[in-house]
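**Q** Pasting in a structure now, in structure tokens, and then I'll have a few things to ask.
What follows draws every value from the coordinates through simple rules; no lab data is involved. In this text, all values refer to a predicted model and were calculated from it rather than measured experimentally. Cβ coordinates were reconstructed from backbone atoms using ideal geometry, including for glycine residues, and neighbour counts include every protein chain displayed.
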Amino acid sequence: MNPSELVAVLIIGLGTWLFYLSRKRAFDRRNAFGREVFASYGGSLVARLIDWSLVAIAFVLAGTGILYLAIEYRDTWGWIVLLPVAWFFVVGYVPLGKR
């Protein structure tokens with residue numbers, strides 16, 4: 001494993017850990033009945049903003065690490081990952097659902 005692969009795996013690991021941390025924060029706020037408990041409405045907004053930010057950063061980090069590994073291995077399996085990315089940049093949208 002060369003150093004660039006190690007960096008990519010560390011970036012993916014950091015993104016995964018941040019996603020886990022955001023979901024754990026949301027889980028820890030729940031009471032015995034499964035309802036989220038906040039001291040105030042402002043606390044609710046701040047907590048959800050922090051969770052959303054952690055999830056967004058986690059997806060960016062994990063996606064960056066996966067793309068970096070795909071570029072490193074584009075001759076073997078990387079083209080499978082890079083093909084949808086190229087489609088998005090050429091066509092401009094991903095056909096996933098209704099319009």
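**Q** Which pairs have Cβ atoms under 7 Å, sit 6 or more apart or on different chains, and link a residue in region 1-20 that is at negative phi to one that is in a helix (DSSP H, G or I) and hydroxyl-bearing (Ser, Thr, Tyr)?
**A** Sorted first by the residue in region 1-20, then by its partner, the pairs are Ala8/Tyr68; Ile11/Thr64.
**Q** Of all residues in region 59-82, which are assigned to a helix (DSSP H, G or I), without any contact (Cβ under 8 Å) to a residue 40 or more places away in the chain and not basic (Lys, Arg)?
**A** The answer is Leu67, Ala70, Ile71, Asp75, Thr76, Trp77, Gly78, Trp79, Ile80, Val81, Leu82.
**Q** Now, a different point. Given the conditions (1) loosely packed, with under 13 Cβ neighbours inside 10 Å; (2) under 23 Å from Gly15 (Cα atoms), which single one is not true for Asp51?
**A** (1)
**Q** Residues of region 25-48 being in a helix (DSSP H, G or I) and either surrounded by 12 or more Cβ atoms within 10 Å (Cβ to Cβ) or in contact with a His (Cβ under 6 Å, 6 or more places away or on another chain) (or both), which ones?
**A** Matches in region 25-48: Arg25, Ala26, Gly43, Ser44, Val46, Ala47, Arg48.
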